[in-house]
């Protein structure tokens, strides 16, 4: 009898708790109305955030895959034929400055990575305090970080080389076609000041 009474009491308490709760649909509707009442974030459009294609008539340099400097040179020729020299120079300069900025940032990153890799020889080794697993975990973490830095340095150098060679080909094309802009230079180091 006691057992039956106890089970009935437990069942009734759970049933009253379940009926007191809102249904899942009610909760979802309430959340939806609260979300609609909240202000939305503003989206600010900026030319600096726009993709290069939207800002210049010239194609982007392929950083991977086949070299497309021939396509870029053809589009430069077509654009130069149909626009004034000032318009042509302004569009080409916008295109060029994006890649010059990219090279500059990658070269700065290379300097920082190289400094960090050189620091691996001067930083103290983790000390063994009697906890074998902790010691080897610290050693493995340092080795992983060093390996990631070496990989990053390698992939960054590939991008730098690709952009530098593409810009050099385009500069040679411009010079051979009688268009030589003093500002169109290929950056070789992060400290180059044009």
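Given 25 °C and 0.890 mPa s, compute D for the stretch 45-194 with the Stokes-Einstein relation, Rh being the Kirkwood radius over Cα pairs; round to the nearest whole µm²/s.
Working: Rh = 18.3 Å.
The Stokes-Einstein estimate is 134 µm²/s.
Model label points for residue 168 and residue 123, set 7 angstrom from Cα along the Cα-to-Cβ axis, are 3.4 nm apart.
Between residue 98 and residue 151, the FRET efficiency estimated from the beta carbon spacing at R0 = 25 angstrom works out to 0.45. Here the simple spin-label model places points 7 Å from the Cα toward Cβ, and for residue 89 and residue 140 these points are separated by 6.1 nm. Take 111-121, 75-85 and order them by the average number of nearby Cβ atoms within 10 Å per residue, most first; the result is 75-85, 111-121. Taking a point 7 Å from the Cα of residue 63 along the Cα-to-Cβ direction, the residues of the stretch 160-177 with backbone N closer than 18 Å to it are 160-168. Take each peptide in 144-155, 87-98, count the other Cβ atoms within 10 Å of every residue, and average; sorted highest first, the result is 87-98, 144-155.
Where a number appears in this text, it was derived from the coordinates with a stated rule and is not lab data. All of these numbers come straight from a predicted model, not from anything done at the bench. We place every Cβ from the backbone using ideal geometry, glycine too, and count neighbours over all the protein chains shown.
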